[in-house]
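The values are calculated or read from the model by the stated rules, or taken from the named source; none is laboratory data. The model shown is predicted, which means the values in this text are computed figures rather than measured ones. Note that each Cβ is placed from the backbone with ideal geometry, even for glycine, and that neighbours are counted across all protein chains shown.
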């Protein structure tokens, strides 16, 4: 444990501490804590930073691990204060093409080694899911949604692999 960093005070099956233990504690992918639990986020949420990422908690979503490129994309969108809100699932990395996804209150972030991490939400996510998501013809998003197009349209580049 990093000197001066305390273990978590929240307890219960949906707590940051329980999530850290479930992910192997110091020996797991998160490694050692880099901060104490920090609270006061939107909707009373909390987080704790680790060598390999973070665990984010809210009463409505429980504790969720946030890592790597998907975390970076979430950060670029304002973390829980952005349109995606809090994560509602763990990162899932058994998708077609060895890709990953993480679901959020307001959308999803998809990652593949060919495309990087990109978010979808709203009507575009609904249409994307309706076409089979990453397992369908469109495969992984190539870019983030672009709004403000003529007639108020939004687009998201995708391709079939």
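For residue 138, all conditions in the list (1) under 26 Å from residue 30 (Cα atoms); (2) touching a strand residue (DSSP E or B) at 6+ places or on another chain (Cβ under 6 Å); (3) modelled with pLDDT under 95 hold save one; what is the number of the exception?
(1)
In contact with a strand residue (DSSP E or B) (Cβ under 7 Å, 6 or more places away or on another chain) and over 30 Å from residue 35 (Cβ atoms): is that true of residue 145 in this structure? Can you show your working first?
Numbers: in contact with a strand residue (DSSP E or B) (Cβ under 7 Å, 6 or more places away or on another chain): yes; over 30 Å from residue 35 (Cβ atoms): yes.
Yes, satisfied.
Residue 98 passes all but one of (1) surrounded by fewer than 17 Cβ atoms within 10 Å (Cβ to Cβ); (2) touching a residue at least 24 places away in the same chain (Cβ under 8 Å); (3) over 13 Å from the mean Cα position of the chain (by Cα); which number fails?
Unmet for residue 98, out of (1) surrounded by fewer than 17 Cβ atoms within 10 Å (Cβ to Cβ); (2) touching a residue at least 24 places away in the same chain (Cβ under 8 Å); (3) over 13 Å from the mean Cα position of the chain (by Cα): (2).
Among the numbered conditions (1) at pLDDT 95 or above; (2) closer than 24 Å to residue 93 by Cα; (3) surrounded by 14 or more Cβ atoms within 10 Å (Cβ to Cβ), tell me where residue 45 comes up short.
(2)
What number of residues in region 34-61 are closer than 14 Å to residue 15 by Cβ and not in a loop (DSSP other than H, G, I, E, B)?
9
Quick check: anything in region 66-74 in contact with a helix residue (DSSP H, G or I) (Cβ under 6 Å, 6 or more places away or on another chain) and either farther than 18 Å from residue 16 by Cβ or buried (at least 17 other Cβ atoms within 10 Å of the Cβ) (or both)?
No: zero hits.
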